[in-house]
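Below is one structure, written out as structure tokens, with a few remarks after it.
All of the numbers you see were taken from the coordinates with simple rules; none came from a lab. Please read all numbers here as calculations on a predicted model, not as lab measurements. Here the Cβ positions follow ideal geometry from the backbone for every residue, glycine too, while neighbour counts run over all protein chains shown.
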Amino acid sequence: MRLKFNVFGKVMSVSRQSEEWVLFLESDVGMRIRIYDVIIPSDLNKEELAQYLDDIYHESATASYTSVFQLNDNR
């Protein structure tokens, strides 16, 4: 399962691997870069991920991008 989010203007995805959440930065050409600096607690459920990413990346907020939200394209 991979969930995509708009994180203050950047497309990021979270996937569940071996009972852990793993965060990736998505490129415009479909490549993903794993983000090792952010650890998402494994006990978070998928409904809590957007709020968690908002809490972690809130300093990236701008007038154009005021919050984190899940995108519909979840391949």
Most mobile listed residue (Val11, Val38, Val22) in the chain, GNM with C-alpha springs under 10 Å = Val38
ask   = For the chain, how big is the tail of P(r) above 16 Å, as a whole percent of Cα pairs?
value = 45 percent
remark   = Once phi for every residue in segment 18-34 is put through the Karplus expression 6.51 cos²θ - 1.76 cosθ + 1.60 (θ = phi - 60°), the whole-Hz ³J(HN,Hα) values, with Gly and Pro written as x, are 6, 6, 10, 8, 10, 9, 10, 9, 8, 8, 6, 10, x, 8, 10, 10, 6
note = Residues other than Tyr57 with Cβ under 14 Å of its Cβ, Lys/Arg counted +1 and Asp/Glu -1, net out at -3
query = Near the amide H of Val11, under 5 Å away, which other amide H atoms are found, from residues 5 or more places off or on another chain, if H is placed in the peptide plane?
reply = Glu26
note = In debye to the nearest 20, the charge dipole size for the chain, taken about the Cα centre with +1 at each Lys and Arg Cβ and -1 at each Asp and Glu Cβ, equals 340 debye
ask   = What number, rounded to the nearest 500 deg cm²/dmol, is the helix-based mean residue ellipticity at 222 nm of the chain, given -39500 (n - 2.57) per DSSP H run of at least four residues and division by all its residues?
value = -3500 deg cm²/dmol
inquiry  = If amide hydrogens are placed 1.01 Å from N in the peptide plane, which non-local residues have theirs closer than 5 Å to the one on Leu71?
reply    = Lys4, Phe5, Asn6
task = Using a Gaussian network model of the chain whose springs link C-alpha atoms within less than 10 Å, name the residue from Leu44, Leu23, Leu53 with the highest mean-square fluctuation.
result = Leu44
note = Computed over the chain, the relative contact order (Cα-Cα under 8 Å, seq sep at least six) in percent reads 39 percent
message = If you take every residue apart from Val14 with its C-beta less than 9 Å away from the C-beta of Val14, what net charge results, scoring Lys and Arg +1 and Asp and Glu -1?
response = +4
